Amino acid sequence: MRWLRALEAVVLREAIRFLRQTSRLASAVVRPALWLLVFGAGFSNVLGISITPPYQTYVTYDVYMVPGLVGMVLLFQGMQSSLALVFDREAGFLRLLLTAPVPRWFILFAKLLAGTILGVLQAYAFFVVAWLAGVDYPLFGLLTVLPAIVMGGFALASIGLLLTVHVRRMENFAGTMNFVIFPAFFLSTALYPAWKIAESGALWMVWAVRLNPFSAIVEFIRFALYGIFAVPEALVTVGVGLLAFLFAARGYDPQKGVLGRRGRDEG
Amino acid sequence: MILEVEGLTKNYGKLRALDRVSLRVEAGSVTALLGMNGAGKTTLFQLLTGLFVADAGRISVFGHDMRHRPQAALARLGIVFQQPALDLDLTARQNLNFHARLHGMTRAAMRTAVDAALAQFGLADQATKPTRELSGGTRRKVELARALVTSPDLLLLDEPSSGLDTQARHDLTRDVFQATRERGIAVLWATHIVSDIEDADAVVVLARGQVVACGTPASLLASTGSDTLEQAFLALNRKPA
């Protein structure tokens, strides 16, 4: 019961904060919408995608982009939620969370869950924008894509959480976010399929794209949107999420983690 | 004994912040932890609240070892940190509700306890304002009300009056003594401002990471030959540890 109430506390707080931060709310939808409308329009005639799974016919570039942009929404939400944790640390609020009478790993899990829920809501808001913009995707896919969005959101939030163990100041974290978000996004299948890159001859980039866990998350979402459960991508997504969470929980453990050993101005 | 600290040692690299610190807090008593800046008070609080672990020594809260059963110990503590720890985007009531939920209080119990805590500290009419809009003194009151909302048995205060003006400090001190005496809550109050804790039942003086004296205020005056607690405190800090 205590754990459930603690979970409720963390999720409610995140929701209240998110709703009060109107610029964050707006940017969550506007950012991917701009990519879709501007980038998608500019390249739609250049970068049509021929028949390749999960698509059963030639698709326009904006259709291809949608799962990648959903991944982008989750990626930004994951990093924003970690940034909020770093802010909580600097503002002293994290101490309150870490002295709650529930295990620390559970508090961190609650933070991740709250971030994931916000990510899911933003992803669906973007689906609505994409639909209004005339992008064609199967409506039943909105249901089948849910597990992929949840798992992808959790994995990306976990990676962000792991970053907060090692990057502890706001100014450093903001810089680190750029080093995570941009390579993760551009060296993935979010904007172009791996075989298109292979055709261009940039083999190093093909490897980078294939090894990038964000590619697995995007493909997991892409296939799920068409009702196909992509097992390898799902395994990578869940595996990366769990590993990042376990390392982060260990990092925050006062007995084992780096934060507990460092002490002083931490926490 | 509700809090027992034995041989607590904490190092930051080569710096020994706490050196075999031992102290006790009895049920229902107000114990002052006096120490100059850098004496190790905040480090001790970080260990007492389980934020970090000591390199050596043991902390027992109501018989629960802080290293092995921190949750059981934390459930009975109310904490006010030196650095303000309010979510400024939330209202005073939302901050208290958050804390009550974090401690697993049921909705009905939460509502009653939050109303009572807000009323006790004269915050009822400011409960719906974002904490960002409240003065420093009022924010401290909100933190104090929050610490008491879960009906703790031991209240840990780490320099709660730091940064407050004279009037706000006076009000805060009065409120703490009144609220804890009424409810029979024990207090460990870390500060360097002697006037805040003149009514304490016991005093522990920390200097350079070591306990250099402990006892009742009267016994400290007697042992140092001082007329006031402030003189005793200064005298104890002059002595090499």
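The values are calculated or read from the model by the stated rules, or taken from the named source; none is laboratory data. It should be emphasised that the depicted structure is a prediction, and the values quoted were computed from it without experimental measurement. Cβ atoms come from the backbone with ideal geometry, glycine included; neighbour counts cover every protein chain shown.
Reported count of residues in segment A:156-187, each being touching a Gly at 6+ places or on another chain (Cβ under 7 Å) and within 22 Å of A:MET65 (Cα to Cα), is 2. Checking each residue in segment B:61-74 for being in contact (Cβ under 8 Å) with a residue 60 or more places away in the chain and either within 8 Å of chain A (Cβ to nearest Cβ) or surrounded by fewer than 23 Cβ atoms within 10 Å (Cβ to Cβ) (or both) picks out only B:PHE62.
Residue-by-condition table, conditions (1) part of a helix (DSSP H, G or I); (2) facing chain B (nearest Cβ under 9 Å); (3) under 18 Å from B:HIS99 (Cβ atoms):
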{"position": "A:GLN80", "(1), (2), (3)": "yes, no, no"}
{"position": "A:VAL86", "(1), (2), (3)": "yes, no, no"}
{"position": "A:LEU94", "(1), (2), (3)": "yes, yes, yes"}
{"position": "A:LEU97", "(1), (2), (3)": "yes, yes, yes"}
{"position": "A:PRO101", "(1), (2), (3)": "no, yes, yes"}
{"position": "A:LYS111", "(1), (2), (3)": "yes, no, yes"}
{"position": "A:ALA114", "(1), (2), (3)": "yes, no, yes"}
{"position": "A:LEU118", "(1), (2), (3)": "yes, no, no"}
{"position": "A:ALA123", "(1), (2), (3)": "yes, no, no"}
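Take segment B:1-56 and flag every residue that is part of a helix (DSSP H, G or I) and among the hydroxyl-bearing types (Ser, Thr, Tyr). Even if it seems obvious, please write down each step before you answer.
First, pick out the residues of segment B:1-56 that are part of a helix (DSSP H, G or I): B:41-48.
Those that are part of a helix (DSSP H, G or I) and among the hydroxyl-bearing types (Ser, Thr, Tyr): B:THR42, B:THR43.
Would it be correct to say that B:ALA147 is within 28 Å of B:GLY40 (Cβ to Cβ), touching a His at 6+ places or on another chain (Cβ under 9 Å) and modelled with pLDDT of 90 or more?
Values: within 28 Å of B:GLY40 (Cβ to Cβ): yes; touching a His at 6+ places or on another chain (Cβ under 9 Å): yes; modelled with pLDDT of 90 or more: yes.
Taking the combined requirement at face value, the residue satisfies it.
Within segment B:87-98, can you find the residues that are at the interface with another protein chain (Cβ under 7 Å from one of its Cβ atoms) and either touching a Cys at 6+ places or on another chain (Cβ under 8 Å) or closer than 19 Å to B:LEU155 by Cβ (or both)? Correct list: B:PHE98 only.
When segment B:11-31 is filtered for residues that are of a type in the set (Gly, Ala, Ser) and either within 11 Å of another protein chain (Cβ to nearest Cβ) or closer than 18 Å to B:PRO152 by Cα (or both), the ones remaining, listed by number, are B:GLY13, B:ALA17, B:ALA27, B:GLY28, B:SER29.
Looking only at segment A:1-26, residues that are assigned to a helix (DSSP H, G or I), at pLDDT below 85 and not charged (D, E, K, R) come to 4 in all. Across segment A:2-34, the qualifying residues are those that are hydrophobic (A, V, I, L, M, F, W, C), away from every other protein chain (no Cβ under 11 Å) and surrounded by fewer than 18 Cβ atoms within 10 Å (Cβ to Cβ), and the one among them that is farthest from A:ASP62 (Cα to Cα) is A:ALA15. Criterion first (under 14 Å from B:ASP158 (Cα atoms), over 14 Å from the mean Cα position of the chain (by Cα) and not basic (Lys, Arg)) does B:MET105 satisfy it? For B:MET105, the condition - under 14 Å from B:ASP158 (Cα atoms), over 14 Å from the mean Cα position of the chain (by Cα) and not basic (Lys, Arg) - is not met. If you check B:ARG208, B:ARG183 for being closer than 23 Å to A:LEU96 by Cβ and over 15 Å from the mean Cα position of the chain (by Cα), only one passes: B:ARG183.
Could we say that B:SER162 is surrounded by 15 or more Cβ atoms within 10 Å (Cβ to Cβ) and of a type in the set (S, T, N, Q) here? Give the derivation first.
Values: surrounded by 15 or more Cβ atoms within 10 Å (Cβ to Cβ): yes; of a type in the set (S, T, N, Q): yes.
Yes; evaluated as a whole, the condition is true for this residue.
So B:ASP19 fits all but one of (1) acidic (Asp, Glu); (2) closer than 30 Å to B:LYS129 by Cα; (3) touching a residue at least 60 places away in the same chain (Cβ under 8 Å); what number is the exception? Only one criterion in (1) acidic (Asp, Glu); (2) closer than 30 Å to B:LYS129 by Cα; (3) touching a residue at least 60 places away in the same chain (Cβ under 8 Å) is unmet by B:ASP19, namely (2).
So which residues in segment B:36-58 are among the aliphatic types (A, V, I, L, M) and away from every other protein chain (no Cβ under 12 Å), if there are any at all? Reasoning before the result, please.
If we filter segment B:36-58 for residues that are among the aliphatic types (A, V, I, L, M), which is where we start, we get B:36, B:39, B:44, B:47-48, B:51, B:53-54, B:56.
Selection gives B:MET36, B:ALA39, B:ALA56.
Identify, from the list B:ARG132, B:ARG146, B:ARG107, the residue that is within 25 Å of B:ARG174 (Cα to Cα), within 12 Å of chain A (Cβ to nearest Cβ) and surrounded by fewer than 19 Cβ atoms within 10 Å (Cβ to Cβ).
Only one candidate passes the filter, namely B:ARG132.
Of the helices (runs of 4 or more DSSP H) lying entirely inside segment A:147-216, those carrying at least 2 residues that are at negative phi, free of Cβ contacts under 8 Å to residues at least 40 places away in the same chain and among the aromatic types (Phe, Trp, Tyr) are A:170-186, A:203-211.
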